[in-house]
Amino acid sequence: MKVLLAASEVAPIIKLGGLGDVAGSLPKALAKIDVDIDVIAPYFPFAKTEGLPLFKNIEINVAYAGDNHVVEVWKTKLPGSDVDVILLKNDEYFAGYGGRGKTNYTEIDIFSFYDTAVVAYIKAKFNTYDLIHCNDWHTGMIVGLLSIELGLERPSSLFTIHNLMYQGISVSDLLQKFGIVPGAHPLIDYDIADGDLNFMQQGLTSSDFLNTVSPSYAQEILDGLYKIEVAEIIKSREGRFCGILNGIDYSQFPREYDENNVFEYRATVKKDLLNRLGLDSSKDKPLFGFVGRLDPNQKGIDILFDVIKDLVKKGGQFVLLGSGDTEWEEKLNKLSQDKTLHDNISINTKFDLDLATLIYSGSDFLVVPSKYEPCGLIQMIAMWYGSLPVVNDTGGLKDSVIHGKTGVKFSEYSSNSLMGAIEYAISIYGSDQMKSMIKSAMLADFSWERSAIEYKKLYERILKLREDSKF
Ligand code: ADP
C-alpha cells in the first residue's frame with residue numbers, strides 16, 4: 001500500500017499548530033508498521049530544512065488561473081525516519097502563510113493552488129499512490145480534482161477533520177481558476193447553490209471515508225452539538241465516519257527527568273521559570289499555565305480571563321503563553337499591568353517553543369479551558385512533562401484526561417465551573433494524591449504507535465470498500 005498524506009504543514013519542518021505535529025508524527029509511526037507513506041506540503045520560505053537531506057526532484061507544470069505555473073518538487077526526509085517529505089516550491093503562491101513571510105495571496109488562493117499542484121504531482125508520478133490522506137480544509141479540493149482528472153482510476157481517499165470550524169470558504173467564482181464550469185459536477189453544484197464554495201464540504205463529500213481526531217469529538221458531531229451545515233453532511237455519511245485519537249511524538253519533547261526524580265527536577269525548573277518571568281518565588285504557590293493559540297471562539301480565553309484575578313486571590317500564580325487574536329492580546333497585557341496581580345501573573349503574547357517547554361515542565365497545572373477541542377495535544381504534552389491538565393470535559397480532552405487520576409476536569413463551559421476545577425486543583429496542591437497523579441500522568445501513553453495501528457486498519461478498510469464498490 002502506497003499512501004500520500006497531504007497537509008498544509010508538517011512539523012518540525014513547517015510548524016504552525018497541532019496539525020503540523022500530526023502530519024510530522026503519524027507517518028513516522030505508520031512507516032514503522034510497514035506502511036509506505038510520503039507526506040506532501042507547500043515549501044514555504046520559513047520551512048526548517050537545516051541539517052536534513054534536501055534535493056530537487058522534478059519540475060511540474062501546474063495549470064491554474066488561466067496560466068501555466070512551474071512548481072519545483074523538492075524532497076527531504078522527516079527527521080529520524082525514512083519517510084519522504086515532498087515540498088512543492090512556487091515562489092509566487094507559497095511566499096508566506098499564517099503570518100510568516102509576506103504574501104499577496106489569501107489562504108484560499110494559496111491552498112487552491114496547492115491542491116491543484118498536488119493533483120499535478122500525483123499525475124506526474126503516474127498515479128502510483130493507492131490512497132491519498134487529506135487533512136482539513138486546506139486539502140479539501142484534492143479528491144474532487146483527482147476525480148475530474150482521473151475518474152475511477154483516482155487513488156482511494158480519506159479526509160481527516162482536525163477542526164470542523166475552519167472550513168475555507170470562498171466565492172464560487174474561484175472555480176474558474178480550477179477550470180471547472182458549474183453544471184458539470186453534482187457535488188460542486190450542490191455546494192455552490194448558496195453562492196460560495198466550501199473547501200471542507202468538498203473534502204467531506206468527495207472522499208471515500210472521513211474521520212476526526214478523537215472518538216468523543218466524532219460523537220459530538222453526530223449528536224448535533226455543532227450546528228453547522230458541514231456537520232449535517234457528516235451525519236449523512238455516518239457509516240463512513242469514525243474518530244481516532246491523535247498521539248504525540250515523544251521524541252519531539254525531550255525531558256531530562258522521569259517519574260522517579262520528577263519532584264526535585266521540576267521544583268528547580270519552576271524556580272527558574274518564576275525568576276525568568278519576574279514572578280514572586282519567595283513562597284510555594286500553585287502555578288497554573290496556559291499555552292496555545294488565543295482563539296476566543298475555541299480556546300476558552302473568555303472564561304479563563306474571568307478567573308485570573310480569583311485564581312491569584314486564592315493563592316495561585318498564572319503564566320500565559322499565546323498569540324492570535326490582537327484584542328485579547330491587548331486585554332491580557334493590560335491585565336498583567338494591574339499592580340495587585342503583578343507578582344503573580346505573567347502574560348507572554350508570542351510564539352516561543354522554549355518558553356512553552358519551560359511552562360510544561362515548571363508549572364503545576366496546565367489549564368485547557370477549550371469550548372470545544374477536536375483532540376488537543378497540549379494536555380498530552382503537559383502530562384508527559386508532569387504538569388496536571390485542568391480541562392473542559394469535551395472532545396479529545398474528555399478522551400485523554402482521567403479526573404482525579406491524570407488531571408482535573410470541569411463539565412460546563414463557564415467561568416464558575418472552571419473556577420471550581422481550579423479550586424479543586426489548589427486544594428490538592430502538594431498532597432500525596434497530587435504526587436501520585438503526577439506520576440500517573442507522566443506514565444500515560446499517548447504515543448502514535450496505538451493510533452497508527454488504527455489508521456493502518458482504516459486505510460486497509462477503505463481500499464477494500466473501494467475494491468468492493470467496483471463490482
Ligand atoms: P491547536 O492545534 O488547536 O492549536 P493543539 O493543542 O492541538 O492546539 O496544539 C498546539 C501546539 O502548538 C502545541 O504543540 C503547542 O505547544 C504549540 N503552541 C501553541 N501556541 C504556542 C505558543 N504561543 N508558543 C509555543 N508553542 C505554541
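The values are calculated or read from the model by the stated rules, or taken from the named source; none is laboratory data. The model shown is predicted, which means the values in this text are computed figures rather than measured ones. Note that each Cβ is placed from the backbone with ideal geometry, even for glycine, and that neighbours are counted across all protein chains shown. Ligands, DNA and RNA are excluded from the accessible area calculation, which covers all protein heavy atoms including side chains. Shrake-Rupley method; radii C 1.70, N 1.55, O 1.52, S 1.80 Å.
Going by the conditions given, is K409 at pLDDT 95 or above, open to solvent by 10 Å² or more (accessible area, probe 1.4 Å), within 13 Å of the ligand (Cβ to nearest atom) and not small (G, A, S)? No, not satisfied. Looking at the range 242-261, is at least one residue away from the ligand (no atom under 16 Å from the Cβ) and crowded, with 19+ Cβ neighbours inside 10 Å? Within the range 242-261, not a single residue is away from the ligand (no atom under 16 Å from the Cβ) and crowded, with 19+ Cβ neighbours inside 10 Å. Could you please give the count of residues in the range 230-243 that are touching a residue at least 60 places away in the same chain (Cβ under 8 Å) and out of contact with any strand residue (DSSP E or B) (no Cβ under 6 Å at 6 or more places or on another chain)? Here the count works out to 2. Which one is least open to solvent (accessible area, probe 1.4 Å) among residues in the range 349-368 that are more than 9 Å from G386 (Cα to Cα) and charged (D, E, K, R)? Checked the range 349-368; the qualifying residue least open to solvent (accessible area, probe 1.4 Å) is D352. If you go through the range 386-429 and keep only what is part of a loop (DSSP other than H, G, I, E, B), touching a Gly at 6+ places or on another chain (Cβ under 9 Å) and within 14 Å of A444 (Cβ to Cβ), you end up with S387, V401. Looking across the range 94-117, the residues that are open to solvent by less than 10 Å² (accessible area, probe 1.4 Å) and more than 21 Å from the chain's Cα centre (by Cα) come down to F113, A117. When the range 356-377 is filtered for residues that are among the polar types (S, T, N, Q) and closer than 23 Å to T212 by Cβ, only S370 remains. Candidates in the range 349-385 are the residues that are among the hydroxyl-bearing types (S, T, Y) and assigned to a loop (DSSP other than H, G, I, E, B); of these, the one that is farthest from the ligand (Cβ to nearest atom) is S363. Look through T103, T116, T76, T128 and report the one residue that is among the hydroxyl-bearing types (S, T, Y), part of a loop (DSSP other than H, G, I, E, B) and at pLDDT 95 or above. Going through T103, T116, T76, T128 in turn, the sole match is T128.
In the set K56, K48, only one residue is within 16 Å of the ligand (Cβ to nearest atom), not aliphatic (A, V, I, L, M) and not in a helix (DSSP H, G or I); that residue is K48. Does L279 fit the bill of being more than 16 Å from the ligand (Cβ to nearest atom), not acidic (D, E) and not in a helix (DSSP H, G or I)? Judged against the criteria, L279 is a match. Just one of the listed residues (G289, G324) is over 15 Å from S415 (Cα atoms), at pLDDT below 95 and within 26 Å of the chain's Cα centre (by Cα), and it is G324. Taking every residue in the range 290-302 that is in contact (Cβ under 8 Å) with a residue 24 or more places away in the chain and pairing it with any residue that is outside any strand (DSSP E or B) and within 7 Å of the ligand (Cβ to nearest atom), at least 6 positions away or on another chain, the pairs with Cβ-Cβ distances below 7 Å are V291/A356; V291/I378; G292/I378; R293/G17.
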